[in-house]
Amino acid sequence: MAIIEIKNLKKVFTTKTDKLVALQDINLSIEKGEIFGIIGLSGAGKSTLVRMINFLETPTEGDVYFEDKNIGALNASELRNIRREIGMIFQNFNLLEQRNVLKNVLFPLEISGAEKESSIKRAKELLKLVDLSDKERAYPSQLSGGQKQRVAIARALATNPKVLLCDEATSALDPKTTNQILDLLKKINRELGVTVVIITHQMSVIENICDKVAILDQSRVVEMGNVKEVFKSPKSEIGKKLIFGATENKDVDFEKTNDKTCLRLAFDGSMTNEPIIANMVLTTNYAVSILYANSRMIDGKMLGQIIIELPDDKEIQFKIKQFLDSKKIIYWEV
């Protein structure tokens, strides 16, 4: 069941001299309870898109639905109620520097007019959830970046939202702290059932946490699907660049400068513990050259790509392909 649906969305920013198309023809469906990633290079339109999910930005065209309600058709009071269902955290935390940690978490409850005693109880529960019970009286200036983001997460959860929007929430953090925050988001998703939408330019974030991913390029969604499937065989040029890195362009060099046959092998995580290349060498009695390798762990399984150079001998080529077929390894010539 989709909790968020985006249909034919377009956003145009108008200046005195020009019009900038920030998003064009965006169609997304985000299922309840999943962790959905949106990735793209700087300027692709990611932050604009996430701000239109809760109508911090108003679409120029198209519709956004939350639990089958067209957000654009709501009045001001109804929109405020919807926004309580959609929490949001940001790259720079956006904490109130004059308030201590507890009062930062209390802030959205105060705005909503919630009863004081129950609000304090709720805030304390959330600080325990994000492992900051001992920092209730501390001020933002006394916290590390990771601690600030934990406070921001607790604050975003104060109104019991069904969706948590994360706009580059880990890009200001070091790798170790990033992993801790991602683990916390997975815990929130798992234990509270909160749908998480992550906007990022970091491929490692998508690998670590997301169930599905949409890739943005030049204001459009150019690829979307299950993370494992997209990582195994990206179709778009920007997807290949993000997943394989700059070395992906070496495919062109193989074709232009090397008259040998090369195969790209795609590993989908089903044979993590088997040394495929070593066994292939033993079976065919031919040591292939590995021209490129890229692998990563996703959901506890190894996924990746390896490019190997085949010998000129057609019989050995046949044996290698026969071996790969027997192991159900996906491969294609490059």
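The values are calculated or read from the model by the stated rules, or taken from the named source; none is laboratory data. Model, not experiment: these values are computed from the prediction. With ideal geometry, Cβ positions are generated from the backbone for all residues, glycine too; neighbour counts draw on all protein chains shown.
Restrict the check to the range 126-138 and report whether at least one residue is surrounded by fewer than 14 Cβ atoms within 10 Å (Cβ to Cβ) and among the aliphatic types (A, V, I, L, M). No: the range 126-138 contains no residue that is surrounded by fewer than 14 Cβ atoms within 10 Å (Cβ to Cβ) and among the aliphatic types (A, V, I, L, M).
GLU78 fulfils the conditions (1) farther than 30 Å from GLN202 by Cβ; (2) under 24 Å from the mean Cα position of the chain (by Cα) except for a single criterion, (2).
Among the residues of the range 276-296, none qualifies, meaning not one is at pLDDT below 60 and surrounded by 12 or more Cβ atoms within 10 Å (Cβ to Cβ). If you check LYS124 against the conditions, is it without any contact (Cβ under 8 Å) to a residue 24 or more places away in the chain, in contact with a helix residue (DSSP H, G or I) (Cβ under 8 Å, 6 or more places away or on another chain), among the charged types (D, E, K, R) and under 25 Å from GLY33 (Cβ atoms)? So LYS124 does not fit the description; no. The single condition among (1) outside any helix (DSSP H, G or I); (2) among the basic types (Lys, Arg); (3) free of Cβ contacts under 8 Å to residues at least 40 places away in the same chain that ARG99 does not satisfy is (3).
Of all residues being basic (Lys, Arg) and assigned to a strand (DSSP E or B) in the range 1-58, which is surrounded by the most Cβ atoms within 10 Å (Cβ to Cβ)? Just the residue, please.
Among those residues, the one meeting the criterion is LYS11.
Is it fair to say SER141 is out of contact with any helix residue (DSSP H, G or I) (no Cβ under 7 Å at 6 or more places or on another chain) and among the polar types (S, T, N, Q)?
It is true that SER141 is out of contact with any helix residue (DSSP H, G or I) (no Cβ under 7 Å at 6 or more places or on another chain) and among the polar types (S, T, N, Q).
Scanning the range 162-200 for residues that are surrounded by fewer than 17 Cβ atoms within 10 Å (Cβ to Cβ) and touching a strand residue (DSSP E or B) at 6+ places or on another chain (Cβ under 8 Å), we see that the one that is farthest from GLU5 (Cα to Cα) is SER171.
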